[in-house]
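The values are calculated or read from the model by the stated rules, or taken from the named source; none is laboratory data. What you see is a predicted model; the values in this text were computed from it and never measured. Using ideal geometry, Cβ is built from the backbone for each residue, glycine included, and neighbour counts are taken over all protein chains shown. Keep in mind that these areas ignore ligands, DNA and RNA; they rest on the heavy atoms of the full protein, side chains included. Shrake-Rupley method; radii C 1.70, N 1.55, O 1.52, S 1.80 Å.
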Amino acid sequence: EAEICPPGTYRSTLDDDEVPCVSCPQGTWSKNWQLREKGECMRCPTGVVCGFDGMTMPCSTHDLPTPFEPVVNLNGIPVPEYEFPIIARPPLFSVDECLQLNTEYMDGKVAIEEIEQEFWFGELVPPYVDILGRGAHFRSSDQKSIKYSTE
């Protein structure tokens, strides 16, 4: 009688290993029963770590990456872009203005790698951008190298 493999496992392909079901490896997961091979285990989403074998749920909402949120320059104050209609949207920050919003930046005297950045300059990569223009897939770039434009 064949054993039914539970979620987080797949059917062993080796007859002599005497283990009917093998755990999906780290970096993958499965909520389905009766997987036939390791290739049916699903890869974990970008930004989520599936840190042990045999996972049946890769994450909760707390495990998902914090989305990047585009901001505009409202008299030197960063304000979320989605708070304004397109026709009334304030200008964007330049690369230098954006990086200077980071409290430890101090006019470029501190290497950007040495500070804990809160503000980044670049663009969000579609299609993983929500209705408010936020997303977790960020591409660092300068204004001339923008590939994906929302306008």
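Among the residues of region 81-103, some residue qualifies, meaning at least one is outside the structural domain of T46 (by the TED database), open to solvent by less than 60 Å² (accessible area, probe 1.4 Å) and modelled with pLDDT under 85.
For region 112-135, filtered to residues that are aliphatic (A, V, I, L, M) and open to solvent by less than 40 Å² (accessible area, probe 1.4 Å), the residue that is modelled with the lowest pLDDT is I115. Would you confirm whether any residue within region 136-151 is of a type in the set (A, V, I, L, M, F, W, C) and at pLDDT 85 or above? Within region 136-151, none of the residues are of a type in the set (A, V, I, L, M, F, W, C) and at pLDDT 85 or above.
Kindly provide the set of residues from region 23-34 that are touching a Gly at 6+ places or on another chain (Cβ under 9 Å) and within 11 Å of P7 (Cβ to Cβ), ordered by number. Residues satisfying the conditions are S23, C24, W29, S30, K31.
So for region 28-48 (the condition being at pLDDT 75 or above, outside any loop (DSSP other than H, G, I, E, B) and closer than 30 Å to E81 by Cβ), does at least one residue qualify? For region 28-48, residues at pLDDT 75 or above, outside any loop (DSSP other than H, G, I, E, B) and closer than 30 Å to E81 by Cβ: absent.
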